[in-house]
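Input: a single structure, listed below in C-alpha cells.
The values are calculated or read from the model by the stated rules, or taken from the named source; none is laboratory data. Everything numeric here is computed off the predicted structure, so don't read it as measured data. No Cβ is skipped: glycine too gets one built from the backbone with ideal geometry, and neighbour counts run over all protein chains shown. Heads up: the accessible areas ignore ligands, DNA and RNA and are worked out on the full protein's heavy atoms, side chains in. Shrake-Rupley method; radii C 1.70, N 1.55, O 1.52, S 1.80 Å.
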Amino acid sequence: MSKVSEDLLIYFVAHCQSVLKVKYSTIKLYLAGVRFHVVNFENVNPLCDKFGHTYQRLQNVLNGVKKSESKPLRQKLPITFKILQEIVTCLQCGFFNHDMDLTFQTACVLAFYGVLRCNEFTCRTVFDPDSNLCVSDINFVSECKVTVNLKATKTDIFRQGIIISLFKIEGVVCPYKLLSQLMSVRLNLNAKHNDSFFVEETGKPLSRNYFISKLKTILIALGYSDKDYSGHSFRSGAATSASSQVIEDSMIQTLGRWKSDCFKRYINF
C-alpha cells in the first residue's frame with residue numbers, strides 16, 4: 001500500500017463531500033475502513049501522527065463537513081416601528097395591569113430606540129446592580145432629553161459603560177415620556193438608586209425569560225407568530241428601520257439627534 005498521509009486523507013474527505021455528495025456520517029465510516037486496512041497492513045493508525053495525536057487539519061475539515069450539513073437556524077424577524085406602535089397601543093388600552101403595561105411599554109420603546117440587546121435591560125438569573133440597569137442609570141438632563149447609562153454591554157469588554165441619549169417626541173412611542181412615567185411609579189414605590197429599574201409583577205427584577213414570554217403573549221394577541229420574534233428583534237428592527245430610512249416622522253426626529261453619538265458606535269451586530 002502507498003503511504004496514507006494527512007494530505008491524502010483531506011483530499012479523500014473533500015472528494016467524498018463535494019463530488020460524491022456523501023454525508024458526514026458515511027465519510028466517518030469510510031475513514032474507519034481506511035484505518036482498519038492500514039492497521040492490518042502496516043500496523044499504523046493513518047488518522048494519527050507518529051506521536052499518536054489526531055491530525056488537526058483533517059479534524060478541522062471533518063468539522064467543516066459536519067457544520068455544512070447542520071440545519072440553518074430560523075431567522076428571527078425584526079420588530080419594526082409599525083409593530084412597536086401596535087404593541088404600545090395595545091398595552092395602553094390595558095393588557096396585563098396598569099404597572100405591568102407601563103413597564104412593558106417602556107422596556108419595548110427603550111429596547112427599540114436604544115438599539116439594545118435583551119440582556120442589556122433585563123437580568124438573566126440574579127440581579128447585579130454593578131452590571132444591570134438600575135434606577136440611578138436613568139437621568140433626565142432636561143425637559144426633553146433623558147440619558148440611559150449602560151454599565152456593561154456585549155462589546156464593552158472592559159466595562160467602560162456607554163451613555164445613550166433619548167429625546168421627547170410626538171406620538172405614543174415617546175421614550176422620554178414613558179421613562180418619566182415609569183420613574184415616577186418606581187420612586188412612589190420607594191425604589192432605591194441601586195434597585196432594578198424594570199420589575200415584574202412580583203416586584204422581582206425583570207428577567208430575560210419573563211420579558212420574552214410576555215412579549216410573545218402580546219405578539220400572539222396582535223396576530224403575529226411568536227416563533228418569528230425574539231428579544232433581539234427590537235435591536236434588529238431599529239437597525240432595519242434606520243438603514244432603510246422607512247421611518248415615521250417621529251422616529252426621524254429622534255434619530256436625527258441620536259444617530260451622531262449613539263448609532264455609529266452602538267449598532268454593531
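Computed about its Cα centre, the charge dipole of the chain is approximately 820 debye, with only Lys, Arg, Asp and Glu carrying charge at their Cβ.
Under the convention that each Lys and Arg Cβ holds +1 and each Asp and Glu Cβ holds -1, the size of the dipole of segment 74-194 around its Cα centre is about 300 debye. Taking a straight line from the alpha carbon of LYS21, these aspartates and glutamates sit under 16 Å away, with near neighbours fewer than eight places off in the same chain left out: GLU69.
Computed from Cα positions, the angle between helix 24-42 and the longest principal axis of the chain comes to roughly 30 degrees. Given the options TYR176, TYR11, TYR229, which has the most mean-square fluctuation in a GNM of the chain, springs set between C-alpha atoms less than 10 angstrom apart? Its mean-square fluctuation being the largest, the pick is TYR11. Whenever you get a sec, compute what percent of the accessible area on the chain sits on carbon and sulfur atoms (1.4 Å probe). Solvent-exposed carbon and sulfur of the chain make up 53 percent of the total.
Phi angles of segment 93-110 translate, via the Karplus equation with coefficients 6.51, -1.76, 1.60 and θ = phi - 60°, into HN-Hα couplings of 7, x, 10, 9, 9, 4, 5, 6, 4, 5, 4, 6, 4, 5, 5, 5, 5, 5 Hz per residue; Gly and Pro are given as x.
Grab the DSSP H runs of the chain that are 4 residues or longer, score each as -39,500 (n - 2.57), total them, divide by all residues and round the 222 nm result to the nearest 500 deg cm²/dmol. The helix-only estimate for the chain comes to -15000 deg cm²/dmol at 222 nm. In order along segment 140-152, the phi-based Karplus estimate (6.51 cos²θ - 1.76 cosθ + 1.60, θ = phi - 60°) of 3J(HN,Hα) comes to 8, 8, 7, 6, 9, 9, 10, 10, 10, 9, 9, 6, 8 Hz; Gly and Pro are listed as x.
Within the set LYS66/LYS154; LYS145/LYS192; LYS145/LYS214; LYS177/LYS214; LYS151/LYS192; LYS82/LYS151, which residue pairs have Cα atoms separated by over 25 Å?
LYS66/LYS154; LYS145/LYS214; LYS82/LYS151, as the Cα separations exceed 25 Å there.
Mind checking segment 86-192 for trypsin sites (Lys or Arg not before Pro) that DSSP puts in a loop (not H, G, I, E or B) and that have at most 14 other Cβ atoms within 10 Å? Within segment 86-192, the qualifying trypsin sites (Lys or Arg not before Pro) (loop, at most 14 other Cβ atoms within 10 Å) are ARG124, LYS154, ARG159, LYS192. Between helix 6-18 and the chain there is an angle of about 60 degrees, using the helix long axis and the longest principal axis of the Cα atoms.
Helix 249-258 and the long axis of the chain differ in direction by around 70°, with both axes built from C-alpha atoms. Between ASP49, ASP137, ASP101, the GNM of the chain built on Cα springs shorter than 10 angstrom shows ASP49 fluctuating the most.
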